[in-house]
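Here is the structure we will look at.
The values are calculated or read from the model by the stated rules, or taken from the named source; none is laboratory data. Nothing here was measured: the structure is a model prediction, and the numbers come from that model. When we count neighbours, we look across all protein chains shown, and the Cβ atoms used for this are built from the backbone with ideal geometry, even at glycine.
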Amino acid sequence: MIAAYVTSLGGSSEIKVGPLPDPSPGPREVLVKVSAVAVNHVDTFVRSGAYRTDLSFPFVIGRDLVGTVVSSPVDRFAPGDRVWCNSLGHDGRQGSFSEYCAVPADRLYPLPDGVSDDAVAVLHPAATAYLGLFEHADAGYGETIVVLGAGGGVGSAVVQLASTAGMRVIATARAADAEWCRECGADEVFDYADPDLYEKLPAADVLWDNAGRHDLISAVPLLARGGRIVAMAGMQSMPTLPIGELYTRDASIRGFAISNAGVAALGAAARVVNRGLSTGILRARIGARLPLSAAAEAHRAQEEGEARGRIVLEI
């Protein structure tokens, strides 16, 4: 098979595209013929070594896939079934950027009827949004959420799910992304380049920072009593924490990484993702479509923020 892989950790130039042996599925693994994959920020962290995890070389990069079952040892999947996965390429699992993948059956989900390969652009961001909102931030109906960096993949998914759940959604984004944020369900959109941004934002029950800047000096005073900040970006950020402003509000900062989620949590997220795909609630902007041979270019573009939307590779 042809795959995109690395033989050592490093920059995007380390990515090679060429033949590797076809995977040999284990007793609880489903063999999938891959049709589309997407690039996530975490994929670049794993490839570079910034996010340490168990892996073996040659290491196939990538996390998400949409494809078709070739063979399955479990009854719930049959040859020809359309399926998806969003948790490969981590913790000893080979990645998704290849013609064929052996996917653990408990990490594989059916793709709803009528949903195209473009769903691959939604899988990781939407599952992240669900887990962050409802398993970590305990977000609830009628609460106000401020989504910083709402124009990106995860930010858009947070807006879509939060608005559907009956939350008041305040988005910050670049001016060019304002209309997209409104289409996703934001009640109000503010330009994140506004120097007076934090003075204009309302009090928040939940504040989700997708930008990774974590200006806690400005953000913590924005929290309502019992407010929660979701921290899931900015690996190198070391912000100053106004601890008095935090504890006198009964507030908290909740960090999480979807990579740590177990199969039960991922399965719960998958049910929400499939419902959102079926109803059209979940959708993504695709900023670039590339062939598998352009995997290194895709990672470089992701790291440099060149694509206005998700980067999808068609296989």
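I want to confirm something. Restricting to segment 102-160 and keeping residues that are over 14 Å from the mean Cα position of the chain (by Cα) and of a type in the set (Val, Ile, Thr), which single residue is nearest to Leu201 (Cα to Cα)?
The extreme case among them is Val146.
Specify which of the listed residues (Gly185, Gly226) is within 20 Å of Arg310 (Cβ to Cβ), small (Gly, Ala, Ser), in contact (Cβ under 8 Å) with a residue 24 or more places away in the chain and surrounded by fewer than 23 Cβ atoms within 10 Å (Cβ to Cβ).
Being within 20 Å of Arg310 (Cβ to Cβ), small (Gly, Ala, Ser), in contact (Cβ under 8 Å) with a residue 24 or more places away in the chain and surrounded by fewer than 23 Cβ atoms within 10 Å (Cβ to Cβ) holds for just one of Gly185, Gly226, which is Gly185.
Looking at Ala233, Ala269, which one is small (Gly, Ala, Ser) and either at pLDDT below 95 or surrounded by fewer than 16 Cβ atoms within 10 Å (Cβ to Cβ) (or both)?
Of the residues listed, the single one that is small (Gly, Ala, Ser) and either at pLDDT below 95 or surrounded by fewer than 16 Cβ atoms within 10 Å (Cβ to Cβ) (or both) is Ala233.
Could you grab me the full set of residues in segment 179-193 that are at pLDDT 95 or above and out of contact with any Leu (no Cβ under 8 Å at 6 or more places or on another chain)?
Hits for segment 179-193 are Glu179, Trp180, Cys181, Arg182, Glu183, Cys184, Gly185, Ala186, Asp187, Glu188, Val189.
Pairs please, first residue from segment 33-46 and over 10 Å from Glu303 (Cα atoms) and assigned to a strand (DSSP E or B), second anywhere and small (Gly, Ala, Ser) and modelled with pLDDT of 95 or more, Cβ atoms under 7 Å, 6+ apart in sequence or on different chains.
Short answer, once both residue conditions are applied: Lys33/Gly67; Val34/Gly67; Val34/Ser96; Val34/Ser98; Ser35/Gly67; Val37/Gly62; Val37/Ser96; Ala38/Ala121.
Answer yes or no: is there a residue in segment 140-149 that is outside any strand (DSSP E or B), surrounded by 24 or more Cβ atoms within 10 Å (Cβ to Cβ) and either among the hydrophobic types (A, V, I, L, M, F, W, C) or not assigned by TED's automatic domain parsing to the domain that holds Tyr198 (or both).
no
Let's see how each residue does on (1) touching a Ser or Thr at 6+ places or on another chain (Cβ under 6 Å); (2) under 30 Å from Arg52 (Cβ atoms):
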site	(1), (2)
Tyr198	yes, no
Trp208	no, yes
Gln236	no, yes
Tyr247	no, no
Ser252	no, yes
Asn260	no, yes
Val263	no, yes
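If I filter segment 106-139 down to residues being under 15 Å from Ser35 (Cβ atoms) and among the small types (Gly, Ala, Ser), which single residue comes out as surrounded by the most Cβ atoms within 10 Å (Cβ to Cβ)?
Ala121
Of everything in segment 247-263, what is over 22 Å from Val158 (Cβ atoms) and either assigned to a helix (DSSP H, G or I) or within 16 Å of the chain's Cα centre (by Cα) (or both)? Give them in sequence order.
Matches in segment 247-263: Tyr247, Val263.
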